[in-house]
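Trainee: Got a structure for you, written out below as structure tokens; questions coming shortly.
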There are 2 protein chains.
Amino acid sequence: MITLYGDPAKTRANRCSWMLKELEIEFSLEKLAFLPGQPKPPEFLALNPNGKCPTLVDEGFSLFESLAINLYLAKKYGGVLGPQTAEEEALVTQWSLWVMAEVEKPLLMAAAIRTLFTPADPSDEELELALWKLARPWGVLNAHLERQPFILGERFSVADINVASVMHMALIAELNMSAWPALKAWLDTCLSRPQAIDLLTVDFKVPRPKTPRDIIAMFL
Amino acid sequence: MITLYGDPAKTRANRCSWMLKELEIEFSLEKLAFLPGQPKPPEFLALNPNGKCPTLVDEGFSLFESLAINLYLAKKYGGVLGPQTAEEEALVTQWSLWVMAEVEKPLLMAAAIRTLFTPADPSDEELELALWKLARPWGVLNAHLERQPFILGERFSVADINVASVMHMALIAELNMSAWPALKAWLDTCLSRPQAIDLLTVDFKVPRPKTPRDIIAMFL
């Protein structure tokens with residue numbers, strides 16, 4: 001019995017609901033989402049002391065960090081979605097850490113400025129900073145995907161799910177990706193899978209910090 | 001034949017040289033370190049298109065992201081340093097992603113402000129922001145280590161190497177960790193291993209950005 005904690009429309013649980021749908025296994029969904037500063041129930045903190053979603057419980061085994069959850073599920077239940085060799089497994093871990101280190105925070109900042117902050121102010125100068133940070137890693141991934149259709153090579157895998165589930169915020173942000181055509185084509189391919197439906201229905205707002213400095217600080 | 005690219009005194013290659021020393025396997029060290037803006041040699045970009053250190057090559061298999069490298073090495077060569085079950089492996093990945101997402105960037109900013117920036121200005125107000133960001137995840141890890149001596153339980157493993165090799169910047173930053181005594185004791189235990197020697201000899205400076213906004217932007 002698998003339980004996923006987190007509302008896919010409001011938290012990164014959408015990354016894991018995508019993976020679970022790819023696996024075609026039944027799971028129970030607890031649609032949690034906490035507002036900033038809201039106290040977390042002790043029974044949830046017992047599962048994840050960070051008090052964050054997503055959290056997954058599989059037969060009593062509790063796990064957090066969305067991309068770690070997906071890799072665990074892919075290895076245990078994923079067949080060809082999972083890594084088939086030690087090298088493939090290392091590459092899945094590599095690209096998962098890479099997208100967290102290089103892409104996630106500036107991309108989330110860009111998405112916040114473009115569409116998630118309330119009140120909106122699309123003139124925020126910090127958008128330029130975010131786009132400048134993203135250009136180098138996006139160039140790297142674009143070149144990789146010019147040589148092969150998916151991150152591990154010829155087949156769609158958990159590596160694509162993990163990287164695309166972070167990259168999908170580029171669509172939320174409505175960013176122009178014409179400078180990275182292979183990356184854009186790959187992202188469209190991944191996100192057009194019916195199992196990725198939860199990523200297309202993001203529905204939350206973030207209170208806009210008062211100053212440019214506070215905007216960047218939010219995503220440090 | 002294993003080759004590690006990156007100067008352990010100037011890059012995150014120290015995380016991987018620690019792991020390689022724990023494994024007691026011979027490796028060749030290429031002491032690369034690039035200054036910001038310095039062009040990267042094409043033969044290095046062919047190994048790692050990000051042009052960053054560390055990069056590891058094992059019998060022709062090239063891998064980047066320091067914590068992914070360590071997990072790969074631990075699984076292939078690590079014996080009890082590596083994960084023994086699917087659940088342990090998931091927890092190593094979980095804590096490696098966690099320390100990158102929750103700890104690395106604010107901690108690096110704190111270390112830069114305290115000891116790495118040149119010219120130094122220890123009055124930088126952004127230090128407060130970094131410490132505020134760190135307090136919550138450090139509280140989580142401290143509570144975890146109050147219940148068990150190491151991250152996976154009773155034995156030292158790659159999970160400790162990965163998390164401690166990020167956390168060691170707290171020593172570089174000379175931060176007061178008295179509010180997190182279990183975390184501090186664990187970190188001292190890990191870093192006092194003779195194999196961790198490269199982490200204690202960090203030797204580089206970072207040009208100090210001109211404004212507080214630019215300091216935060218550096219670590220976004």
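Trainee: Return the residues of region A:10-42 that are in contact with a Phe, Trp or Tyr (Cβ under 7 Å, 6 or more places away or on another chain), open to solvent by 60 Å² or more (accessible area, probe 1.4 Å) and either hydrophobic (A, V, I, L, M, F, W, C) or assigned to a loop (DSSP other than H, G, I, E, B) (or both); say none if nothing qualifies.
Mentor: A:10, A:40
Trainee: Mind checking which residues of region B:83-127 are of a type in the set (Val, Ile, Thr), within 12 Å of another protein chain (Cβ to nearest Cβ) and in contact with a helix residue (DSSP H, G or I) (Cβ under 7 Å, 6 or more places away or on another chain)? Break it down into steps so the answer makes sense when it comes.
Mentor: Initially, region B:83-127 is screened for residues of a type in the set (Val, Ile, Thr), giving B:85, B:92-93, B:99, B:103, B:113, B:115, B:118.
Still in the running and within 12 Å of another protein chain (Cβ to nearest Cβ): B:85, B:92-93, B:99, B:103.
Selection gives B:92, B:93, B:99, B:103.
Trainee: For region B:94-102, does any single residue satisfy the condition of being of a type in the set (S, T, N, Q) and buried (at least 17 other Cβ atoms within 10 Å of the Cβ)?
Mentor: yes
Trainee: For region A:66-138, please list each of the helices (runs of 4 or more DSSP H) lying entirely inside it that holds at least 2 residues being under 30 Å from residue A:26 (Cα atoms) and either in contact (Cβ under 8 Å) with a residue 12 or more places away in the chain or touching a Gly at 6+ places or on another chain (Cβ under 9 Å) (or both). Explain how you work it out, then say what you get.
Mentor: Details: elements: A:66-77, A:86-98, A:105-111.
Hits in region A:66-138: A:66-77, A:86-98.
Trainee: Only one of these is in the same structural domain as residue A:23 (by TED's automatic domain parsing) and open to solvent by 30 Å² or more (accessible area, probe 1.4 Å): A:150, A:61. Name it.
Mentor: The conditions single out A:61.
Trainee: I would also like to ask the following. Could you pull out the residue among A:209, A:194, A:181 that is open to solvent by less than 60 Å² (accessible area, probe 1.4 Å) and assigned by TED's automatic domain parsing to the domain that holds residue A:87?
Mentor: It is A:209.
Trainee: Going through A:160, A:188 one at a time, which residue ends up being open to solvent by 40 Å² or more (accessible area, probe 1.4 Å) and part of a helix (DSSP H, G or I)?
Mentor: Working: A:160 fails: open to solvent by 40 Å² or more (accessible area, probe 1.4 Å).
None of the other options fit; the residue is A:188.
Residue by residue, here is whether (1) under 30 Å from residue B:49 (Cβ atoms); (2) more than 10 Å from chain B (Cβ to nearest Cβ); (3) small (Gly, Ala, Ser) holds:
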position: A:37; (1), (2), (3): no, yes, yes
position: A:43; (1), (2), (3): no, yes, no
position: A:58; (1), (2), (3): no, no, no
position: A:67; (1), (2), (3): yes, no, no
position: A:81; (1), (2), (3): yes, yes, no
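Trainee: Just one of the numbered conditions (1) at pLDDT 95 or above; (2) over 23 Å from residue B:152 (Cα atoms); (3) not assigned by TED's automatic domain parsing to the domain that holds residue A:163 is not true of residue A:35; which one?
Mentor: Of the numbered conditions (1) at pLDDT 95 or above; (2) over 23 Å from residue B:152 (Cα atoms); (3) not assigned by TED's automatic domain parsing to the domain that holds residue A:163, the odd one out for residue A:35 is (1).
Trainee: Residue A:45 - would you say it is surrounded by 23 or more Cβ atoms within 10 Å (Cβ to Cβ) and part of a helix (DSSP H, G or I)?
Mentor: In short, no.
Trainee: Hey, residue B:176 hits all of (1) part of a loop (DSSP other than H, G, I, E, B); (2) within 13 Å of chain A (Cβ to nearest Cβ); (3) out of contact with any Lys or Arg (no Cβ under 8 Å at 6 or more places or on another chain) but one; which does it fall short on?
Mentor: Here residue B:176 meets the rest and fails (2).
The values are calculated or read from the model by the stated rules, or taken from the named source; none is laboratory data. Fair warning: this is a prediction, and the values are worked out from it, not measured in the lab. We place every Cβ from the backbone using ideal geometry, glycine too, and count neighbours over all the protein chains shown. Keep in mind that these areas ignore ligands, DNA and RNA; they rest on the heavy atoms of the full protein, side chains included. Shrake-Rupley method; radii C 1.70, N 1.55, O 1.52, S 1.80 Å.
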